[in-house]
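Some notes on the structure that comes next.
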Amino acid sequence: MIHHGIRFTLKPGVTPEQLEEALESLRTQGRTIASVKSFVVGRDYGGDYEWGATFVIEDLDGYWEYLIHPDHLRTDRLGLPLVDKFTSFDITDDPDPDTGTKIAALHQRRFDGDAELTRLVSGLGEYVGSGAPGAHGD
């Protein structure tokens with residue numbers, strides 16, 4: 001299993017309505033993407049971020065399905081313009097020592113095929129973690 005997580009803080013001036021639309025879009029991903037086995041979207045406590053989400057995905061094939069699903073793409077286009085700081089991370093019980101590198105490669109493949117997504121990510125104040133362009137999953 002892979003637990004894919006994101007944590008983020010918002011740019012100043014984001015309205016409550018914009019935030020709720022973005023959070024609901026994240027929830028929609030959890031409900032509609034078949035490879036997502038469970039999910040949580042909500043406040044992030046105990047760190048430097050305001051909000052977060054985790055999605056439990058069975059394997060790398062499911063992870064790719066998640067990444068390219070239209071509901072995930074919609075969330076990116078809706079939510080990323082609202083975000084200042086963003087991090088992504090993955091926790092897995094897969095014993096393959098190359099799983100992190102394989103996850104980073106999936107993200108990079110997605111960025112390579114989507115110039116608009118790459119532009120949106122470039123506009124973030126900070127983006128680190130397993131999904132960041134050029135990440136190695138280490």
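The values are calculated or read from the model by the stated rules, or taken from the named source; none is laboratory data. No experiment lies behind these values; they were computed from the predicted model shown. Positions of Cβ are generated from backbone atoms using ideal geometry, with glycine treated the same way; all protein chains shown enter the neighbour counts.
Annotations
- Some residue of the stretch 31-50 being in a strand (DSSP E or B), under 16 Å from Gly131 (Cβ atoms) and touching a His at 6+ places or on another chain (Cβ under 7 Å): no
- For the stretch 94-105, filtering for residues that are assigned to a helix (DSSP H, G or I) and farther than 13 Å from His4 by Cα leaves 3.
- Failed item in (1) part of a loop (DSSP other than H, G, I, E, B); (2) closer than 25 Å to Gln18 by Cα, with Pro133 passing the rest: (2)
- Between Glu65, Glu126, Glu116, Glu58, the distinction of being under 18 Å from Val14 (Cβ atoms), acidic (Asp, Glu) and touching a residue at least 24 places away in the same chain (Cβ under 8 Å) belongs to Glu126 only.
- Scanning the stretch 10-54 for residues that are over 15 Å from Leu67 (Cβ atoms), among the small types (Gly, Ala, Ser) and more than 15 Å from the chain's Cα centre (by Cα) yields Gly13, Gly46, Gly47.
- Condition check for Leu26 on (1) in contact with a Ser or Thr (Cβ under 8 Å, 6 or more places away or on another chain); (2) over 22 Å from Val128 (Cα atoms); (3) surrounded by 15 or more Cβ atoms within 10 Å (Cβ to Cβ): one failure, at (2).
- Apart from one condition, Asp48 fits all of (1) under 23 Å from Thr101 (Cβ atoms); (2) among the charged types (D, E, K, R); (3) modelled with pLDDT under 95; the exception is (1).
- Selection count where residues are closer than 23 Å to Val56 by Cα and either polar (S, T, N, Q) or surrounded by fewer than 13 Cβ atoms within 10 Å (Cβ to Cβ) (or both), scope the stretch 92-133: 10
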